[in-house]
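Asks: Handing you a structure now.
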Amino acid sequence: MTAKTTVQPTARLIEVFSAIQGEGLNVGTRQIFIRFAYCDLRCHFCDSAHTWSAPPTCRIERSPGLRNFEIHSNPVPLPILVEWVESQNLPCLHDSISLTGGEPLLHAAFLKEFLPQVRSLTGLPVYLETGGHRPEQLAIILPYLDSVGMDLKLPSVSGENHWQEHAKFLQLCQSSHLEAFVKIIISSHTDPAELEHAASLVADVSSNIPVFLQPVTPLAASEQLTPEPILAPTPDQVLMWQALMKKFVPHVRVIPQTHKMLNQL
Ligand code: SF4
């Protein structure tokens, strides 16, 4: 008789920690963050370029919020990650689990196995932060998600162009009755025609989807990815662009990255 062998799913991670969500619809809530390695985009404003490739090790916070990180090697087997998340999950502390990166959907095969287990063990809702350009991978893990924050990348700000994928992605969230919101990074170089395009893309799916305009946080000189620094929009630009988008969709809020003000991770 031959013994059956099963291949243990593994993931390449950057870090696991507990912190306050600083962006979008969940701003101010407490989350267990799982930051995955790898991203297939190269946004000009990226503040997480260290996630673009997988480091040989990841760091894991032993007690939620204490920043007492331990270093472990990559890749991480599924049961170990479940154990780490469970050890973060103190009673009454967290509102949800945040899948972030990098691009978490590059780990869709792993997440398909991981999410049902972690959801049933912790009872916490699962929130996905994504570049919103991989609808096929979203479809794989849709049943195990509770909410999605989809970035809509404006070419004039990010250097990325994914209009069709964004439309498909948002449509998929809508047809699956998944709570979704759209986040758009704006800089002083934002093309208003692209904002109009973005607003009508959202309105075509549902005018009830909330949109968050997020003024870019300028990168430190040592982190800049473009020859020209990316500057935050002026106060007048922000007011004008919110008004422009509200002609198409009613729920347009302007919120900067509040976790940076609070010195969170
Ligand atoms: S999608 Fe996120 S992690 Fe990837 S390049 Fe853009 S900002 Fe950076």
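Any read-out appearing in this document is the output of simple, stated calculations on the displayed coordinates, not a laboratory observation. Just so it is clear, the model here is predicted, and its values are computed rather than measured. Here the Cβ is made from the backbone with ideal geometry for all residues, glycine too, and neighbour counts use every protein chain on show.
Asks: Between Asp146 and Thr234, what is the label-to-label distance in nm when each label sits 7 Å out along the Cα-to-Cβ direction?
Replies: 4.3 nm
Asks: Further question: Cross-link candidates for Lys246: which lysines have Cα within less than 30 Å, leaving aside residues fewer than 8 places away along the same chain?
Replies: Result set, ordered by chain and number: Lys153, Lys168, Lys183, Lys260.
Asks: Using the Karplus curve 6.51 cos²θ - 1.76 cosθ + 1.60 with θ = phi - 60°, what ³J(HN,Hα) values do you get for each residue of the stretch 11-20, in whole Hz, with x for Gly and Pro?
Replies: So the J values, rounded to whole Hz, are 9, 9, 10, 9, 6, 10, 7, 10, 7, 8.
Asks: Moving on. With a cut-off of 8 Å between alpha carbons and a minimum separation of six or more residues, what is the relative contact order of the stretch 195-265 in percent? Present the calculation step by step, with values, prior to reporting the outcome.
Replies: Values: 75 pairs, mean separation 32.7, N = 71.
That works out to 46 percent.
Asks: How far is it, in nm, from the label point at Ser176 to the one at Leu225 when both lie 7 Å from their Cα along the line to the Cβ?
Replies: Label-label distance for Ser176 and Leu225, simple model: 2.5 nm.
Asks: With loop defined by DSSP as not H, G, I, E or B, and exposure as at most 15 other Cβ atoms within 10 Å, which is the longest segment of the chain clear of exposed trypsin sites (Lys or Arg not before Pro)?
Replies: Of all site-free stretches, the longest is 68-246.
Asks: Could you check which residue among Gln164, Gln174, Gln31 shows the biggest mean-square fluctuation in a GNM of the chain with a 10 Å Cα cutoff?
Replies: In this elastic network of the chain, the residue with the biggest mean-square fluctuation among Gln164, Gln174, Gln31 is Gln164.
Asks: Then there is this: Tell me the label-point distance for the pair Glu86, Leu244, using the 7 Å Cα-to-Cβ offset, in nm and rounded to one decimal.
Replies: Label at Glu86, label at Leu244, 5.1 nm between them.
Asks: Helix 108-122 sits at what angle to the longest principal axis of the chain, using alpha carbons and giving 0 to 90 degrees rounded to 10?
Replies: It works out to around 70 degrees.
Asks: Please work out whether the stretch 10-261 counts as rounded, prolate or oblate from its C-alpha gyration tensor, where a ≥ b ≥ c are the square roots of the eigenvalues and a/c under 1.5 means rounded, while otherwise a/b larger than b/c means prolate and anything else oblate?
Replies: prolate
Asks: Still on this structure, I have one more. What's the exposure ranking of Asp204, Asp47, going from fewest to most Cβ atoms within 10 Å?
Replies: Asp204, Asp47
Asks: What residue among His94, His44, His177 has the largest mean-square fluctuation in a Gaussian network model of the chain, using Cα springs under 10 Å?
Replies: His177
Asks: What are the ³J(HN,Hα) values, in whole Hz, obtained from phi via the Karplus relation 6.51 cos²θ - 1.76 cosθ + 1.60 with θ = phi - 60°, for each residue of the stretch 247-257 in sequence order, with x given for Gly and Pro?
Replies: Values per residue, Gly and Pro as x: 6, 10, 9, x, 9, 10, 10, 10, 9, x, 6 Hz.
Asks: What is the Cα centroid distance between the stretch 81-160 and the stretch 212-265, reported in whole angstrom?
Replies: The two parts, judged by their Cα centres, are 23 Å apart.
Asks: List the aspartates and glutamates whose alpha-carbon lies under 17 Å from that of Lys247, not counting same-chain residues fewer than 8 positions away?
Replies: Asp191, Glu194, Glu196, Asp204
Asks: Could you list which residues have their amide H under 5 Å from that of Glu15, counting only those 5 or more apart in sequence or on another chain, with H placed in the peptide plane?
Replies: Here the answer is Arg35, Arg59, since their amide H atoms fall under 5 Å of that of Glu15.
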